[in-house]
1. Compute the angle between helix 214-226 and the longest alpha-carbon principal axis of the chain, please, reported from 0 to 90 degrees and rounded to the nearest 10.
2. Mind pulling up the Rg/Rh value for the chain? Radius of gyration and Kirkwood radius, both on Cα.
3. Around E96, what is the net charge, scoring Lys/Arg as +1 and Asp/Glu as -1 over all other residues with Cβ under 15 Å from its Cβ?
4. Taking other Cβ within 10 Å of each residue's Cβ, how do L163, L64, L42 sort, fewest first?
5. Order of 171-178, 302-309, 65-72 by packing, highest average Cβ count within 10 Å first?
6. Which of I269, I20 comes first, and how do the rest follow, when ranked by fewest Cβ neighbours within 10 Å?
7. So what is the diffusion coefficient of region 275-367 in µm² per second by Stokes-Einstein at 25 °C and 0.890 mPa s, using a Kirkwood Rh over Cα pairs?
8. Provide the net charge surrounding L35, with neighbours chosen by a C-beta distance below 12 Å and charges set as Lys +1, Arg +1, Asp -1, Glu -1.
Amino acid sequence: MQFLATNARRVVVKIGTHSIADSDGNLRLNRIQSLSRQIASLRENGMEVLVISSGAVGMGVGQLNLDARPTDLPTLQACAAVGQSRLVEAWQTALEANGLIAAQVLLTHEDIRGRKRHLAVRHTVEKLLCMGVVPVINENDTVSADEIKFGDNDVLSALVASLIKADLLVILSTIPGLMEDQGNGALIPVVPEITEEIRAMAGGSRDQHSTGGMITKIEAAKLATASGCGVFIGDGGDETILEEIHSGTATGTFFVPQEIPLASRKRWIAFFEKPAGELHLDAGAAKAVTEQNSSLLATGIAACHGTFPEGSVVTLHDPEARVIARGIVTYDSASVQNAMGKDSASLQALFPGRKRFEVVHRDSLVLI
């Protein structure tokens with residue numbers, strides 16, 4: 001099966017660190033120039049293109065002559081501060097050589113989780129695209145904390161693709177695509193659905209300058225495809241990879257988008273907001289939530305972890321502690337602790353002023 005990007009109107013291109021830099025953190029300017037030329041070609045074919053570019057920390061490591069990627073947060077942030085200016089300058093120069101204007105956009109998870117800032121980011125990016133500008137987006141590692149330690153640009157690229165309703169997310173790295181046997185088997189050209197078997201094929205990162213591997217790319221693909229965005233993972237070392245994707249001749253793995261994507265509110269619940277707590281369900285409640293499209297009732301909650309106010313996003317876990325859903329709670333954590341295990345009659349006596357007693361209503365619940 002071939003994938004043609006001809007019908008894609010809006011494309012997000014994520015480039016991994018070692019697609020544009022060597023192991024010492026030195027920029028491969030020819031790669032950035034080649035990608036910029038191909039981006040210009042996509043633009044000439046009527047596509048809007050956003051770039052998610054890794055590499056700031058790695059370039060900072062090289063510029064500061066460090067022997068290896070540091071592990072402490074202040075040094076990582078310092079490396080990001082040094083490397084980010086070099087990174088965006090390289091993109092600006094290469095894009096301008098192809099008649100395009102670049103705009104730097106630095107984001108943290110906080111910028112896209114709250115509804116007000118979420119919309120502000122989307123409106124800014126939309127305006128840049130309307131003006132014919134190519135946004136060059138990166139995680140703001142200079143001021144981020146959890147983002148440097150736990151995040152990666154694969155997930156960021158999927159969040160951006162969902163946020164701006166992209167048609168296609170292209171993830172370029174040293175990995176040519178999803179391969180059987182954790183990277184040691186045959187390349188899988190098409191993934192119709194991300195199953196546990198697909199997840200099991202992924203292995204971790206083997207590169208000291210990278211924060212993600214195929215596992216994070218699978219997670220990014222799951223997020224993007226649930227938003228109705230196709231995902232292509234390919235080799236960033238291929239000098240004509242974007243043109244090949246456009247013509248349908250590229251070698252890599254295409255993840256098919258869901259035919260019915262999640263609504264915007266449910267995408268926000270599932271992917272953008274960080275969960276504030278955990279609810280662990282008994283077997284009956286887990287089955288009702290996953291198989292019967294039911295709301296979560298207090299009687300099926302076996303445990304509650306975390307401190308959170310009413311209206312927070314929480315994760316729902318089955319009896320084996322696997323995450324099965326996310327949802328917005330209608331109680332605060334203290335009230336959940338008092339309510340769990342109780343039926344509606346008991347809750348009516350415990351909370352006489354309440355009209356409804358679902359802990360998570362099905363309209364505010366998303367299966368994961």
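1. Helix 214-226 sits at roughly 70 degrees to that axis.
2. On the way: Rg = 22.0 Å, Rh = 21.8 Å.
When Rh is taken as the Kirkwood radius, the ratio is 1.01.
3. On the way: positive: R37, R43; negative: E89.
Every neighbour counted, the sum reads +1.
4. On the way: L163 23, L64 14, L42 20.
Going from least to most buried by this count: L64, L42, L163.
5. Details: 171-178: 23.6, 302-309: 15.4, 65-72: 11.1.
By packing density, highest mean first, the sequence is 171-178, 302-309, 65-72.
6. Values: I269 21, I20 25.
By the 10 Å Cβ count, ascending, the order reads I269, I20.
7. 193
8. Result for the neighbourhood of L35: +1.
Any read-out appearing in this document is the output of simple, stated calculations on the displayed coordinates, not a laboratory observation. All values reported here derive from a predicted model rather than from experimental measurement. Positions of Cβ are generated from backbone atoms using ideal geometry, with glycine treated the same way; all protein chains shown enter the neighbour counts.
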